[in-house]
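Contents: one structure, followed by commentary.
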Amino acid sequence: MDLQAIQDEALAAIKSSGDEAALQELRVRYLGRKSELAGALRGLGKLPAAERAVAGQATNRAKQAVEAALDARRDELRAAREVGLADHEWLDLTLPARRPRRGHLHPITLVENDLEKLFWGMGYRVVEGPWIEDEFHNFDALNIPASHPARDDWDTFWLSDGNLLRTHTSPVQIRAMRRFGAPLKAVFPGRVFRNESVDATHEAVFGQLEGLVIGRDITPGHLFHSINAILGALLEEGVRTRYRPGFFPFTEPSFECDIMRDGRWLELCGMGMVHPHVLRAGGIDPDEWTGFAFGLGIDRLAMMRYGIDDIRWFHSGDQRFLEQFPCA
């Protein structure tokens, strides 16, 4: 093996290297485990004893020369880079710092927060319930037994254990009545789940806020006045509403509320006087107490407030959509 030729080749390559990455490649090529110099050192044991010492010294001298050249070239490259910092990597310390990007609240979160603040100010409790419900709380206690045709109106996600993803926030009414008794003023915000086709106005997952008031001598007049006050505070003063007969198994009588937007009536929410069966299921005597309940669609309110024409935007995950709303 011509050690001098290997050394000369290595020194010439090191001298012409232009950056530290190239220099590292040369270090591996000439000093790595598979290099010729490393092979020469491993082969010393096969030489006669008289030649072994001379060959070992020559190989080590070549290795040391290459190592010294690599270290010297590395120092040169680093020194040259530092000299060029002023020209290529300068910083203007007088420039204002870049502000970190802040997260934006989701429009549904904004509307839900405003609703909760509004109801807190009106003396309502804010109560949350489980997303996974049993059949009793989601249907039976709300006057919707298994044989009731109204169950067809709720396209349900049933689970393998017999429970279900709640189809409305009404089950929390039963839990709240059993927990707090009467009198009671409470709202129940949260997500609900319906196994239905998704389009511009329908989603399988959406937000609801259910309201419940129980007291003595509660009438539909109290209900209509409360809804008008809530919508006026949330959307705008002087909002126009109309009420018409409806049907819900858990209220009697039942009503639908429409709101005037852009010259046409839009269906907004359902409501009514709490059915005696529901009061009994909640542990409250319907002969002594009456009440009303209503359900607001949070997604629908957000669409009205912000002029959003497609409900699917809410779950799109598109940052451009979210950046239009206030920061957290």
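Each reported figure results from applying straightforward, stated rules to the coordinates on display, with no laboratory input. In this text the structure is predicted, and so the values were computed from the model without any measurement. All Cβ positions, even for glycine, are placed from backbone atoms using ideal geometry, and neighbour counts span all protein chains on display.
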Legend entry - Proximal charge balance of Ile227 [Cβ under 12 Å; K/R count +1, D/E count -1]: -1
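Is there a quick way to get the dipole size of the chain? I mean about its Cα centre, with the Cβ of Lys and Arg at +1 and of Asp and Glu at -1; what is the value in debye to the nearest 20? Mind dumping the intermediate values first?
Numbers: 39 positive and 48 negative charges, 237 e Å.
In total the dipole reaches around 1140 debye.
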Legend entry - Positive-end extreme of charge dipole, the chain - chosen from Ala65, His148, Cys269 (charges on Cβ): Ala65
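Which value, in nm² and rounded to one decimal, describes the direction-averaged projected area of the C-alpha convex hull of the chain?
Details: hull surface 130.6 nm².
Seen from a random direction, the Cα hull of the chain projects 32.7 nm² on average.
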Legend entry - Dipole of segment 81-180 [Lys/Arg +1, Asp/Glu -1 at C-beta], most positive-end residue of Leu118, Gly162, Trp131: Leu118
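Which ordering of Tyr306, Tyr124 is given by a fewest-first count of other beta-carbon atoms within 10 Å?
Numbers: Tyr306 13, Tyr124 20.
Ranking Tyr306, Tyr124 by Cβ neighbours within 10 Å, fewest first, gives Tyr306, Tyr124.
Count charges around Glu76 for me, please; just the other residues with Cβ under 14 Å from its Cβ, Lys/Arg as +1, Asp/Glu as -1.
Numbers: positive: Lys15, Arg73, Arg74, Arg78, Arg81; negative: Asp19, Glu20, Asp71, Asp75, Glu82.
Around Glu76, the surrounding residues sum to 0.
Would you mind classifying segment 4-108 by shape? Square roots of the alpha carbon gyration tensor eigenvalues, ordered a ≥ b ≥ c; an a/c under 1.5 is rounded, otherwise it is prolate if a/b is larger than b/c and oblate if not. Present the calculation step by step, with values, prior to reporting the outcome.
Working: a/c = 5.30, a/b = 2.51, b/c = 2.11.
It comes out prolate by the Cα gyration axes.
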Legend entry - Principal-axis tilt of helix 107-121 within the chain, Cα atoms, nearest 10 degrees: 50 degrees
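Ranked by Cβ crowding within 10 angstrom, fewest neighbours first, how are Leu44, Leu77 ordered? Mind dumping the intermediate values first?
On the way: Leu44 13, Leu77 16.
So the ranking, lowest neighbour count to highest, is Leu44, Leu77.
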Legend entry - Protection proxy ranking, peptides 217-226, 65-74, average beta carbon neighbours within 10 Å, highest first: 65-74, 217-226
Legend entry - Efficiency of FRET between Arg264 and Arg98 - r from beta-carbon atoms, R0 35 angstrom, step 0.05: 0.15
